[in-house]
1. Quick one: B:S233 ticks every box in (1) farther than 29 Å from B:G331 by Cα; (2) under 22 Å from the mean Cα position of the chain (by Cα); (3) within 10 Å of another protein chain (Cβ to nearest Cβ) bar one, so which box is it?
2. Could you check A:G422 against (1) open to solvent by less than 20 Å² (accessible area, probe 1.4 Å); (2) assigned to a loop (DSSP other than H, G, I, E, B); (3) of a type in the set (G, A, S) and say which number it fails?
3. Of the residues B:R249, B:R204, only one is in a loop (DSSP other than H, G, I, E, B), within 14 Å of another protein chain (Cβ to nearest Cβ) and basic (K, R); which?
4. Quick check on segment B:520-531. Is at least one of its residues closer than 30 Å to B:T378 by Cα, under 18 Å from the mean Cα position of the chain (by Cα), open to solvent by less than 10 Å² (accessible area, probe 1.4 Å) and more than 14 Å from every other protein chain (Cβ to nearest Cβ)?
5. Do we find that B:S265 is more than 14 Å from B:W452 (Cβ to Cβ), of a type outside the set (D, E, K, R), in contact with a Leu (Cβ under 9 Å, 6 or more places away or on another chain) and not assigned by TED's automatic domain parsing to the domain that holds B:R403 in this structure?
6. Looking only at segment B:51-60, decide whether some residue is over 19 Å from B:C99 (Cβ atoms) and outside any helix (DSSP H, G or I).
7. So for segment A:296-306 (the condition being more than 14 Å from chain B (Cβ to nearest Cβ), assigned to a loop (DSSP other than H, G, I, E, B), of a type outside the set (F, W, Y) and under 21 Å from A:G123 (Cα atoms)), does at least one residue qualify?
8. Any residue in segment B:35-49 that is without any contact (Cβ under 8 Å) to a residue 60 or more places away in the chain sitting within a Cβ distance under 7 Å of a residue that is outside any loop (DSSP other than H, G, I, E, B)? List the pairs, counting only those 6 or more apart or interchain.
Number of protein chains: 2
Amino acid sequence: MTIQQKKPEAWEIKAAIPRAIRDASLAKVTPPLAGLPDTLPQSSQGLPKQILTPREFDLTENYSVTELLAKLHSKELSSEELTRAFLRRAAVAQSATNCLTDLLWEGAIERARYLDSLPAPLGPLHGLPISTKEHHGAKGGNETANASYVAYIGKFQGSTVSLDTLWDAGCVFFARTTQPQTIMHLETESNIYVGGESALIGMRGSVLGVGGDIGGSIRCPAAHCGIYGFKPSAHRLPIAGGTAHMAGRESILSTNGPMAADRDSLELFMKVMLDAEPWKLEPSIRVAPWTPYEFTRPLKIAVQWWDGVVKPHPPMIRALREVSEACKKAGMTVVDWECESLDHKKGWEILSSLYWPDGGKEVLGLLESAGEPILPLTNFIIKDQPTVKELTVTEMFKLCAEREAYRTSYARHWTSTGKQDGHEVDIILCPPSFGAATPHEQSRYWGYTSIWNLLDYPGVVFPVTKVDKEKDVKDFDYQPKNEEDKFVYDLYEPDLYHGCPISLQIIGRRHHDEKVLAALKEVERAMGKHKG
Amino acid sequence: MTIQQKKPEAWEIKAAIPRAIRDASLAKVTPPLAGLPDTLPQSSQGLPKQILTPREFDLTENYSVTELLAKLHSKELSSEELTRAFLRRAAVAQSATNCLTDLLWEGAIERARYLDSLPAPLGPLHGLPISTKEHHGAKGGNETANASYVAYIGKFQGSTVSLDTLWDAGCVFFARTTQPQTIMHLETESNIYVGGESALIGMRGSVLGVGGDIGGSIRCPAAHCGIYGFKPSAHRLPIAGGTAHMAGRESILSTNGPMAADRDSLELFMKVMLDAEPWKLEPSIRVAPWTPYEFTRPLKIAVQWWDGVVKPHPPMIRALREVSEACKKAGMTVVDWECESLDHKKGWEILSSLYWPDGGKEVLGLLESAGEPILPLTNFIIKDQPTVKELTVTEMFKLCAEREAYRTSYARHWTSTGKQDGHEVDIILCPPSFGAATPHEQSRYWGYTSIWNLLDYPGVVFPVTKVDKEKDVKDFDYQPKNEEDKFVYDLYEPDLYHGCPISLQIIGRRHHDEKVLAALKEVERAMGKHKG
């Protein structure tokens, strides 16, 4: 009996090209990876130790960015050695998670050698390997960027103010990572790639990467992989020049931000970017130098136990309880953040419509032009949202005015928290998602991250604990409040999530980016974490 | 022979109502104005001295805002006496220029008495009479705001964060001023009113007022009346709550700003507004406290002799020459700002379209709904602009992206001015208009103010000189470069403009609001003006 093989479609043939380019870039890994298992284990976290040399493993496993930079600046460590170690570790991460679009093998080594040849450090990131999302572009070289669209395969993508700044600070770009179809899922899947930046950093195949966030694309994956991710307020970091939809749309803004293996490198990243005064080249950026914040009294923290729409899973509630208890013990004031009156559901209605004022025409047209299938999570965020339709400019202005009214009521609510004692809430402590990473194609509730995009509030996520099936039992008495709540409730099975990272999120008022990172430091101190 | 009187149209009857209300508010002036001439002189600047008491004249004529506040704070002067003096002077200004929509006689006196009764000053503006544009709304009372639309006559308008802030700082609102049809002319005329805030302040019927600027509506009238006017970067001062078109439109932003008889009160106004942290109540406002700027080395000034489209009239070129010579003498570096490569004409094409992404539908509909005639300058800014048409959201996004590209090339040009000596240009010194105030209905070239709205650069105008028919002779050899240049060239006749105020404009980079006011201080010092 012969099995009739389906003839591949034109888009499938085309979609294989970037994967072939990626595989070719991985074939350059020297020495080649040895000892990769034929079948991946349930968790791949043990692979790097098995495959890398002890020296490579040590360099990529045991040091924060600050520590690596100290070694690089003092020439105790060469950039070439460090870069080769991360190139090999990224290749291991790729084999386990499919997170890369390409490994920049030759370019990275050449750059590292150049940096090593200099008599003095080029800048604050001298010699540090950094990864980026593929659709952000590339510095130097002839790299293309398809942004996970078959239609864009082969499109040349130049550099940006963002990449130039990191480059001028002395970094080594060594790997680029994948993005989902339309760059608008909370899970990375497209007709070309699966994977993502957080998977790379989660396996320490990189310790510092650049992400982008318009609904949670930095924070949600970072939270699910147990790494750090920071979304500053919009117009704080340069972003122009990467692949973006509806260029010129201002109704809701995306922002770049750091994803990192340790806390302190978030602040380092911000400082490096803003010391370069990006507003001089990209004038939409606010003129606001990075000005570290110092708390002069114990924090006042509001805990958002749920968002009034969807109840978080038990491990998330446990994480909130553990961290808020630790904060209380450290002398901070902890109050509740009541969401019911703030109507997060209304927020989502405004936001989801403002994501696609053209009704999704541009991106659906891009998919159609290449003949590639529309994936379920693309349908979810465009076609399944009753709010998404092509608007007239007048309808869009009306919706922007509603957004502004929503922001105003939220801001006034926040301001009112200072009425009684003269001190308004410093930060909100809240879930970055209803729980741990969901099974494939189930990331269908964005509310815990996206509401802060609507409000343009800065947010940072940080690892807290892991799902523990003994502690985090399912509450069989819970009565879901609505359809989305039921969907999320049904997703929880302690056995399925056991051992998965659980992270929390700290949110500050608009433009208080520095304060959010300062608060993270205080909260982690209260948690007993002294080293980032 | 009897003359057949045309029966008034419905809109004319309605439009007479707010004028009757205004006249009733003026009838309250006590004692009534005596000695008003039946026919106005060519210049009305001499009227206040003829009509006011010597004490009223002294109080309203001879002191800066800072000096008045010192007298008020020390109780050397009562707010009631000062308020009554300005109420009467504003009434004189009204009789000469038709600048008011209403005099807030009772409310202002009641407020002043309340302030006088307090044991200590309420705030930094304690007791100071302030005027506002009518469409900004009103604090307390039951004032309506028609924003010069017949359709809006009788519409109640509440207060705003902007007015609340000035109120909480202790001011007295005593008069509201008119705006042109659609609030989008550079001359104040509507089917209800003529006049304007600058005319009131130009006659010192007020020493501090609140204006708004999306194309020059603070700066151009201030320049023509010989007063000070400051347009900060957008989103610096609260603005929500006044009457605005296309609420929610973000393609081009209007901003409020001070119009004042003296320089220092511009900075005082900004400080009072930002000390109140308006972003806590109006979250579109940038979190940016007012931080006075100090120059640590002599300024580097770029002089824009013309904008590459329309040649300024001779008195404006003389003003540029005189001030730039004074700056050079004071040790500043003065270079030329070459506009040709920056294509201001292209800037206008983008801007004029972005003013009306709905093709003007909303405002034309408002005029039509009341049956009121469309005035020539409304036709000019909507119907006569080939760029104005109703856009789809996709077309608007494209235009916003073009705007951003334009801003980017301008920003990079500015940054490049520092390449040779390491110091980029601090400010641009430029005309706020091609010349002095034009005859009726001829304000048809906005480029000298509106380009800075497109770029979102802060700008201040300040008085420099007066047209002098002996010095400022017409250049009969000049060959106009294009149609607009010819229109403007033909407008100039030395005899017609003799004695009219000529002002200049200082422009800074986006968000450098404080630097612009600091530069004005340095430039005026170079000009030999020590007192604001």
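The values are calculated or read from the model by the stated rules, or taken from the named source; none is laboratory data. Because the structure is a prediction, the values reported are computed rather than measured. Reconstructed Cβ throughout: ideal geometry from the backbone, glycine too, with neighbour counts over all protein chains shown. Just so you know, the surface numbers come from the protein's heavy atoms only, side chains and all, with ligands and any DNA or RNA stripped out. Shrake-Rupley method; radii C 1.70, N 1.55, O 1.52, S 1.80 Å.
1. (1)
2. Looking at each condition in turn, A:G422 falls short on (1).
3. Just one listed residue meets the conditions, B:R249.
4. Going residue by residue through segment B:520-531, those that are closer than 30 Å to B:T378 by Cα are none.
Scanning segment B:520-531, I find no residue that is closer than 30 Å to B:T378 by Cα, under 18 Å from the mean Cα position of the chain (by Cα), open to solvent by less than 10 Å² (accessible area, probe 1.4 Å) and more than 14 Å from every other protein chain (Cβ to nearest Cβ), so the answer is no.
5. Values: more than 14 Å from B:W452 (Cβ to Cβ): yes; of a type outside the set (D, E, K, R): yes; in contact with a Leu (Cβ under 9 Å, 6 or more places away or on another chain): yes; not assigned by TED's automatic domain parsing to the domain that holds B:R403: yes.
Against the criterion (more than 14 Å from B:W452 (Cβ to Cβ), of a type outside the set (D, E, K, R), in contact with a Leu (Cβ under 9 Å, 6 or more places away or on another chain) and not assigned by TED's automatic domain parsing to the domain that holds B:R403), B:S265 qualifies.
6. Yes.
7. no
8. Here the result reads B:G35/B:Q50; B:G35/B:I51; B:L36/B:I51; B:L36/B:S95; B:L40/B:A96; B:K49/B:F57, each pair linking segment B:35-49 to a residue that is outside any loop (DSSP other than H, G, I, E, B).
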